[in-house]
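Note sheet for the following structure.
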Amino acid sequence: MLLLSFAYAEKSDPQLDLIVSALQKVDNPKVQVSFLRGMLSGLVGQRNVTAPKGWAILKAKLEKQNNAEVKKLVAQLSQIFGDESASQAALATLRDNTAKLEARRSALKSLVAQRHAGVPVVLESLLSQSFQLDVIRAYASYDHPKAPVVLLKKYPKFDPNARRAVIETLSSRKTYARALLKAIEQGQVKKVEVPAYVARSLKALLGEGFEKVYGKVKEVSADKGKLMAQYKSKILSPAMNNADASRGRAVYQRTCAACHVMYGEGGKIGPELTGSNRADTDYILLNILDPNFDVPEGYRMVTITGKDGRVYAGNVTEEDNAKVVLTMVGQTSVIPKADIKTRLVSKISLMPEGLLLTLKDEEFLDLIKYLKTEKQVELPKQ
């Protein structure tokens, strides 16, 4: 008798049982893929789910067909059903430098979703791979003592995108955040490299100790009208004639692109800027200086603390009885409701006030010049 590496509990989900029963009678791979994708979609964010009745027999049948897409979906579902042999196969794919990029990324994603204990020790060896950002962000899902040491050691050699991912990852847990704060104090990480939204999260995690090292997390004056007049006068000054849209694009990438799409590039946390009223100076200044003036429900910042200590901050883009899908800077996280310790919905947006206060006058004017463009411009030459 074949001993399977996942166990059946006394009860399985009746709906999954029905799907598996129906699939037993299907031989068309396209139909099988449709069924399996539907199962996987319904189980996103769940771990150690009881395997449906008949799954072992169906799994053996589908694997014999040698259809790549079917086998991939079966492997992902098997991990959710607690099949350790499927997880070990995913780990082997993850380590395999000859495997296709998408297969390795998929393996990492499924393993992290299951919080497989074998992942953290593998990550360091993958930091030079082409899916580097996925690897860096994977550390956030684990309270791995060596993570800050590994990431900060490699930090100076990383490109700007990888550096930002490191900073975001190290701000996801208090233990990681303390190591990041020490790196800032020692000059290993420059203060200017810490985005404003991360600084706000770190202040919430570490309290006054963070500001003693980083400096005051700047807030906008309550008198928004006075502040708008101040910045508008800079735009109307002769210095605006020397502003450069190309340099402004570089400033935009550093300060805005993580959350906003413009000309097809950027994150999708905040509203897209391509078709917005960017020609209107007052519109631009109001939305940057006072992002919390009128925050639509879908853009309000939600902070979730998991039972494992991880902190998530982003916008809720999907929710049902089992999970919350949070769109964060640079990634999307599916959080099982059973894993949530606390959840705080803020009246403010994820975009921090005081963004312009972090910029020099020249950078501010370059940014405004870029925001007023009607078509994409080249980045400045190195």
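A short reminder: the numbers here are calculations on the coordinates, not readings from a lab. Please read all numbers here as calculations on a predicted model, not as lab measurements. For neighbour counting, all protein chains shown are included, and Cβ atoms are generated from backbone atoms with ideal geometry for every residue, glycine included.
Key figures for this structure:
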item: Cα centroid separation, segment 306-344 to segment 11-82 (Å); result: 26 Å
item: Ordering of 183-192, 249-258, 35-44 by packing [mean C-beta count within 10 Å, highest first]; result: 249-258, 35-44, 183-192
item: Sum of side-chain charges, Glu363 neighbourhood, beta-carbon under 14 Å (Lys, Arg +1; Asp, Glu -1); result: +2
item: Residues with amide H under 5 Å from that of Lys323, placed H, sequence gap 5 or more; result: Lys337
item: Label-to-label distance, nm, for residues given as Val345 and Lys307 (7 Å Cα→Cβ offset); result: 2.3 nm
item: Cα long-axis angle, helix 174-185 against the chain (0 to 90 degrees, to the nearest 10); result: 40 degrees
item: Burial ordering of Thr342, Thr93, Thr50, fewest other beta-carbon atoms within 10 Å first; result: Thr342, Thr50, Thr93
item: Cα-based helix-to-principal-axis angle, 68-80 vs the chain, degrees rounded to 10; result: 90 degrees
item: Gain on full stretching of the segment that runs from Lys61 to Gln46 - 0.36 nm per residue minus C-alpha separation; result: 2.9 nm
item: For segment 14-113, convex hull volume per residue from C-alpha positions, Å³; result: 93 Å³
item: Rounded to whole Hz, the Karplus (6.51, -1.76, 1.60) HN-Hα couplings of segment 192-208, x for glycine and proline; result: 5, 7, 8, x, 4, 5, 6, 4, 5, 5, 5, 5, 5, 6, 10, x, 4
item: Label-point separation in nm, Val121 to Asp320, each point 7 Å along Cα→Cβ; result: 3.6 nm
item: Ellipticity estimate at 222 nm from DSSP helix runs (n ≥ 4, -39,500 (n - 2.57)) divided over the chain, nearest 500; result: -13500 deg cm²/dmol
item: Stokes-Einstein diffusion coefficient of the chain, Kirkwood radius over Cα pairs, 25 °C, 0.890 mPa s, in µm²/s; result: 106 µm²/s
item: Förster radius 22 Å - calculated FRET efficiency between Leu359 and Leu236 (Cβ-Cβ, nearest 0.05); result: 0.80
item: Distance between modelled label sites at Val33 and Ser21, nm, 7 Å Cα→Cβ extension; result: 2.8 nm
item: Interatomic Cα distance distribution for segment 126-214, bins of 5 angstrom, percent; result: 3, 15, 30, 27, 17, 6, 2, 0
item: Residue order, fewest to most beta carbons within 10 Å, for Asp27, Asp339; result: Asp27, Asp339
item: In degrees, nearest ten, helix 29-43 long axis to first principal axis of the chain (Cα); result: 60 degrees
item: Calculated FRET efficiency for the pair Ser85/Lys203, C-beta based, R₀ 41 Å, to 0.05; result: 0.35
